Amino acid sequence: MKSDLNDPDFEIGFCGDPFWDNFQPLYNRTSGLPILTECFQHTVLIAIPCFFFWLLLPILFTQLKLSRQEPLPWTTIQSMKWLVLTLLIIDRAFVLVLSIFNKFWLKNPVPTVNLVYPIVQTATFAMLSFMKNECRRRGIRSSGVLFCTWLLFAFFGAPEFYTWIVIGSSKELVAETDFFKYLSYLVYYPLVLIQLFLMCFADPLTLFKDDQNKKDPYATASFLNRQFFWWFSPMVSLGFKRPLMIDDVYDVDEELKPDYLQKIWKEEWDVEMKRFRQEMATYVSHEKLDADIEERNKTDEKTLLLQSTSKSYGGTRNGEMKEIKEKAKKDPNSPKQPSIVWCLWRLFKWELIAATALKLISDLMQFLNPLLLNLLITFTEDQSAPWYEGLVYAFGLGLSNLVRSQLMNQYFTEMFRVGQQFQAVLTTAVYEKTLCLSNTARREKTVGEIVNLMAIDVERFKSIAPQLQQYWSSPMTIILCLLFLTQTVGWAALMGVIIMALVIPVNFWVSFKCREWQVEQLRLKDQRIKMTNEVLNGIKVVKLYAWEPAMEKAIDKIREKEMKLVQRASTLQNTCDIFNVSQPFFVAAATFATYTLTDPSHILTPQIAFVSLTLFNSLRGPLMMAADLISQTVQAIVSNKRLKDFLIAEELNETSVDRQLNSEFYEKSLQAQQITWTWDRSLQPALRDIDIEVPSGKLIAVVGTVGAGKSSLLSGVLGEMEKLRGYVGVRGTVAYVSQQPWIQNLTLRDNILMGKDFNKLIYDMVVEACALKPDLELLPAGDSTEIGEKGINLSGGQKARVALARAVYQDRDIILLDDPLSAVDAHVAKHIFDQVIGPNGVLKSKTRVLVTHGLSFLKEADIIAIVKDNTIAYVDTYANLMENPETERYLQEAEIEKKEEEESEIEESSDEESQEKKDSSDAESEIEKKSTFSKASTKLSKKSRRSSAKRSQAPIRTLPQEADSKLIVTEKAETGRVKPQVYMNYFKAMGLITHMLPLFIFIFLWMGFSASRSLWLSAWSDSNLVPGQDPLSLGARLGIFTALGFLEIFSLFVSFYCLLMGGIKASLQLHTPLLHNVLRSPLSFFDVTPLGRILNRLGKDIEVIDLRLPGTFRFVVISAVNVIQVVILITIALPLFMIVAIPVFVIYFLLLRYIITCSRQLQRLASITRSPIYSHFGESIQGASTIRAFGWTDNFIEMSKQKLEVYIRCSYFTMIAQRWFSVRLELLGNVIILGAALLAIVAKNWGLTTAGMSGLAVSYSLNVTFMMSMFVRYIGDLESNVVSVERVKEYTENQSEANWEGEKELPRIWPDKGDIQFKKVRARYRPGLDLVLRDLSAHISPGEKVGIVGRTGAGKSSMALVLFRIVEPCGGVIQLDGIDIQSLGLHDLRKNITIIPQDPVLFSGTLRFNLDPTEDHSDAELWAALEHAHLKNFIEMLPSRLDHQIDEGGENISVGQRQLVCLTRALLRKSKVLVLDEATAAVDVHTDALIQSTIRREFAAATILTIAHRLNTIMDYDKIMVMKSGEVAEMGSPQQLLQNKESVFYNMAQSAGLV
């Protein structure tokens, strides 16, 4: 190429003058700056911007094609840009015409280049005009390609403009110059500058007004604005002035919104799943698998599919798929599972490719540093070199690093954005999958495990996104470094290659080993979160039984195992990190030793030493990142597998139930023929051979004993169970009331409406019919009162009635009711049945399937189904079943109760009837117009109307939500900087003396040894400038250099080890008190705090403290120490550097102070907005069956996306805040580089330094930008992560309940009598709320059996809670055997009295653990208690018996059996005081009788307090206590109270048909 450039024909024929002057782009002149040759100006300087534009033109075309924006209007700025472009085209055309005129008309010699370059420029400007118009038409307001093109035209046009200015300033030269050519360029270059200035501004969206979008300023920002993040400055300013609120945070663009991302993900994932299912179907047809299936089918004839041409008989594929997947896991020929990574690549490939281009250019540009440094050091050694040459090298270093830092910032922005998209996509996918999991898959995944998928595994995809390019970037950088080293030191660089090659297999081994431990650690984490979640869900029972220490011990045991694995993996990883970080030294030592020892002529000069040092430092970055990358990759691989297994898990088969939403053309609402259902293929069928038809508009009652399969029948109809065979059809829309009502953390009204439009008349009617109106009067804000998670501030009866009201208000064709009446009092149950469910209720025209234990309602049912031994034994009318001796015993009680009820209805007032009829006529006529179920409401029985006439006159209390009625407290967001105390808390948890002090000592020793090694290298290289003048031998130089390096490594190793062990200690020290204090928090804390918020602390925040905070702190310390080291070394080498350093660092700290408040607050907002995602997620998992039954799946997915979008806004702009600071910080870093280079030139001219010291200063200044950006990145991460410590400490320091153990010493056996006295006891659930007990006074003698009755809200359960001090009394005294219970420790009290609560709470684990978590009882005692509780036979049939695994929440046994387990717990204690809190509400009458007889026998000498709905169970008690408004309204024996016909108890007994 050199010969071509110097060819005479080329010079004269094409350019007319030399292309280079002696092959140098610079040539000396007597004064001023050098002038480039005209040939160079018109070829290279013209070609670069033109070539750049044409090269990137396809990218711009692609951008235009993908744009979905509206066209932009013609505006003033658009017109100005077009005018300038037109003038430029005219100017270049004029230059072309001028050259043609001179050559062909005047016959003057004109170089060819003067004809070519105007043509190229004119064509480029014409295409620029066309593309500018296309950008306007496609709505692109500011193009990066166009802006960069004009920037290059301005930059590369400056030398020629300078040339013309020089010519114009000389009269002699002007006279020799073509005036028109001179004039044309003086017009051309200002026009280019004007166009560049105009391109700095984005084109407006509107013509007449400012279109600045305050909620999304990024959309209106220009390309230059986006590069420097000026559009984000208003938020930084606002955050500096005051704490940011969520409403202050900008909106994200469409491509970051979950709604958009979900759609594109679904398209890609569905393709993968379709392919997988097709391949799996082919795999199933394989002969070997066919044989297995046939063999299985032969052994179980009942599972053969029934064939039918008219109806969709057939089993689901889900169970078969489970068996197939188990075989497929072991078969290498099995179908390839869908790939999450591949789908993400297809979705975001263009973003990743763009980031790859940015990273590639940036990585290549870093190798300009050693080249320019080499030239600069050579310049400092050459005393005759012109000063401007040094300036070129200095500004070249500054400019190249400026461009590189801008590219890196855009790269990180793009990759962080992709990470945010990963998180949004996968979070939505996990949520969506959760709502369609089959029961089999759901049983394999606990709530805690599923929440962990979203909280931890998805987060890891987000975290690794910015590191993805390191997989190719790090190896490429290492290879290029070694190639440049080879050019510098020759083959001595091979020693470095060998050392690095030896480390590679070690890294791989470490990564695989850490992955193995990571899998186990995540399994333990899931187990811990699952256990914690269950304990928090059952916290009321845990406190009632004083089981907190036992549960804490169980969780801590898992935690210790988890932390041992973390310690093992971290130790191995840290050791590997030391080798990775130390590799540059090993490579340098080996390279220098080989270079200097192999040949005496090889002298270590400053050029060789510091160019090599720069290259070694370039190795440090990728090697340090490699350590982190390996760790993150291991975690991401594990998370990828867990997410993939979850996303391909079995789903509910929507075709298992034949659903027809329009019921008009069907006489039967429900049809089931030869149905066999199971919860899991591996288990026995839960229901078999079910045949039943339910006519439209009829009421069918389903009865049976505990565990017979009544609830399973409803689940099967809903499609929740796995169908083995048969046909089931549902005709119409469905509403479902589960046995354990699902209540959301919303207002009571919202729990009923569930998004349906509010109709006051219908709403009031539903509330009245469901007996909720009196409850609304008691609630602080009526139906606007916020309800806690799972309805924690509602009683069981209230929850049941809210769920029923929801089902009624939704106006569905089919209503499935799973025993809603068992949770309410007898008279309330009668009211609800008469006004809602019964033949005259508001649901009269609907099809109702009622599972019930209330046999008194059976006579009103059109059809009765008796479930026995997992099948429907009888289906008939009440009259026919009464004639069957086998079914008569189920119905005799109903006959008696019904007869008595009818007798009690005779006493009615005709006056009330006529008045009620008048009052209700107007409302009914309005309801008829607006409600599809108005016909039922207008035909309410006269009896039902009369009973509610007075109550209906008062309006429903619907107050606006008030501050004091809000239950769930808004999560606290700390403002301002993270307090130093938070850091101190973490350091104290680590151990100030044992770990923190040694850490900092050895970190600073490491810095000292590292700096000493660099200074030694500088002195070594300077001593070789004059051969033979070095006073020390080569061996001494090399030996000291190596010794300092090894001391450096040792110091770093000790500091890393101190940090590791301190981090492990801190994790344990922070988790243990957090868990302990949460368990010690009063129950009121759980009323106002969502469990998702607590789990966020115990899950996500603890995970940050375990794994991320120690690593982040390590990088912060290393980068901070490195920056200090660099400043010290540069100052030693160039003392004048302090002139630059002081203002730069002052500006740096001012900027840090300015941005940190905004960044910190955004991070806190991100933490706060993350909790509602998990809370909503947890609620959705708990209510998945209800959500699916009502068809609300899409609504809940939309709600999840809305909550996720709020979090993404806060999280994304937290990253933008870091980028905003990083851009400005790296500008300061580039000032340091430029300052060091310029000072090296000045010091050289003044003789203030040596070449070695100049090389040392400049080479280390090149690290400043990397280290400062690294410091900013990790200081931001540290600020973000240390917030977890702040949040954990917040809950560690919450107010706790009284001490568990009291100072007062109790008798060995206490209580020994059971004497209870309430003396003017007052209590409220929380400060500021109304009293729930008002001067309650009562005396219960030893051994008395007292039944406590009263309607909901009377204070029955509150009395029990006060007795157990779950709610502390705010007045009065409670004495138990003469001892004031408030003088005792909580566990002293709770361990010595017993309660069987209303909600039967079980934990996942063995049955033995559920019965006796404290391990106080022998197996013999357990079996004896099970026998008394009538559970022995059931347990003996289980394969593992006492070690039988109970699923989360006890879902694998019936609710009735769970209640019997609670009875067994009580029998094991046999205390002198027993409280039954509606304990038999969920069991059938027969089982209730068995429980009552057991209690009477086993607790014959005990004092028993029974809160009862079924009055017949307490009629033989010694006393009845009637509660009303928190007071004892009546108390006496049942006989005494019944004698007074005016008494409240008499009216209740009459309503229940007992008198």
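The values are calculated or read from the model by the stated rules, or taken from the named source; none is laboratory data. These figures come from a predicted structure and were not determined experimentally. Ideal geometry is used to build each Cβ from the backbone, glycine not excepted, and the neighbour counts take in all protein chains shown. Keep in mind that these areas ignore ligands, DNA and RNA; they rest on the heavy atoms of the full protein, side chains included. Shrake-Rupley method; radii C 1.70, N 1.55, O 1.52, S 1.80 Å.
Laid out as a table, the results:
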| quantity | calculated |
| --- | --- |
| Check on Asp1399, free of Cβ contacts under 8 Å to residues at least 60 places away in the same chain and open to solvent by 30 Å² or more (accessible area, probe 1.4 Å) | no |
| Residue check, Leu843 over 27 Å from Met1199 (Cβ atoms) and modelled with pLDDT of 85 or more | yes |
| Any chance Ile637 is under 40 Å from the mean Cα position of the chain (by Cα), in contact (Cβ under 8 Å) with a residue 12 or more places away in the chain, closer than 27 Å to Arg442 by Cβ and open to solvent by 30 Å² or more (accessible area, probe 1.4 Å) | yes |
| First in segment 1137-1158 and free of Cβ contacts under 8 Å to residues at least 24 places away in the same chain, second anywhere and open to solvent by 40 Å² or more (accessible area, probe 1.4 Å) and aromatic (Phe, Trp, Tyr), Cβ under 9 Å, 6 or more apart | Arg1153/Phe240 |
| Boolean, Arg528 is modelled with pLDDT of 90 or more and either open to solvent by less than 10 Å² (accessible area, probe 1.4 Å) or outside any helix (DSSP H, G or I) (or both) | no |
| Positions within segment 87-115 being assigned to a helix (DSSP H, G or I) and either in contact with a strand residue (DSSP E or B) (Cβ under 7 Å, 6 or more places away or on another chain) or open to solvent by 60 Å² or more (accessible area, probe 1.4 Å) (or both), in sequence order | Leu87, Ile90, Phe94, Val97, Ile100, Phe101, Lys103, Phe104, Trp105 |
| Subset of segment 596-606 [open to solvent by 30 Å² or more (accessible area, probe 1.4 Å) and either in a loop (DSSP other than H, G, I, E, B) or at pLDDT below 80 (or both)] | Asp599, Pro600, Ser601, His602, Ile603, Thr605 |
| Test: residue in segment 1257-1267 that is within 26 Å of Phe1086 (Cα to Cα), under 49 Å from the mean Cα position of the chain (by Cα) and modelled with pLDDT of 80 or more | no |
| Segment 1491-1503, residues that are more than 21 Å from Arg1458 (Cα to Cα) and open to solvent by less than 50 Å² (accessible area, probe 1.4 Å) | Ala1502, Thr1503 |
| Selection count, segment 159-191, where residues are in contact (Cβ under 8 Å) with a residue 24 or more places away in the chain, open to solvent by 40 Å² or more (accessible area, probe 1.4 Å) and under 24 Å from Met131 (Cβ atoms) | 1 |
| Segment 1060-1082, residues that are over 14 Å from Met563 (Cβ atoms), part of a helix (DSSP H, G or I) and open to solvent by 10 Å² or more (accessible area, probe 1.4 Å) | Pro1073, His1076, Asn1077, Arg1080 |
| Residue list for segment 1242-1299, restricted to those being open to solvent by less than 30 Å² (accessible area, probe 1.4 Å) and not in a helix (DSSP H, G or I) | Glu1297 |
| Strands (runs of 3 or more DSSP E) wholly inside segment 779-890 containing at least 3 residues that are more than 30 Å from Pro1397 (Cα to Cα) and of a type outside the set (Val, Ile, Thr) | 871-876 |
| Search result, residues across segment 767-778 that are at pLDDT below 90 and either among the β-branched types (Val, Ile, Thr) or not in a loop (DSSP other than H, G, I, E, B) (or both) | Lys773, Pro774, Asp775, Leu776, Glu777, Leu778 |
| Residues located in segment 557-585, provided they are within 16 Å of Ser1055 (Cα to Cα) and of a type in the set (Gly, Ala, Ser) | Ser570, Ser582 |
| Candidates Leu1162, Leu1134, Leu1129 - the one that is crowded, with 16+ Cβ neighbours inside 10 Å, farther than 22 Å from Ser1010 by Cβ and in contact (Cβ under 8 Å) with a residue 40 or more places away in the chain | Leu1162 |
| Candidates Leu375, Leu407 - the one that is more than 30 Å from Glu268 (Cα to Cα), free of Cβ contacts under 8 Å to residues at least 24 places away in the same chain, assigned to a helix (DSSP H, G or I) and aliphatic (A, V, I, L, M) | Leu375 |
| Residues being open to solvent by less than 10 Å² (accessible area, probe 1.4 Å) and not hydroxyl-bearing (Ser, Thr, Tyr) - total across segment 774-795 | 8 |
| Any hit, segment 641-657, residues being surrounded by fewer than 19 Cβ atoms within 10 Å (Cβ to Cβ) and assigned to a strand (DSSP E or B) | yes |
| Flag for Arg1334 being over 27 Å from Met1548 (Cβ atoms), among the basic types (Lys, Arg) and either assigned to a loop (DSSP other than H, G, I, E, B) or modelled with pLDDT of 85 or more (or both) | no |
| Options Ser612, Ser618; residue that is open to solvent by 10 Å² or more (accessible area, probe 1.4 Å), assigned to a helix (DSSP H, G or I) and more than 30 Å from Glu272 (Cβ to Cβ) | Ser618 |
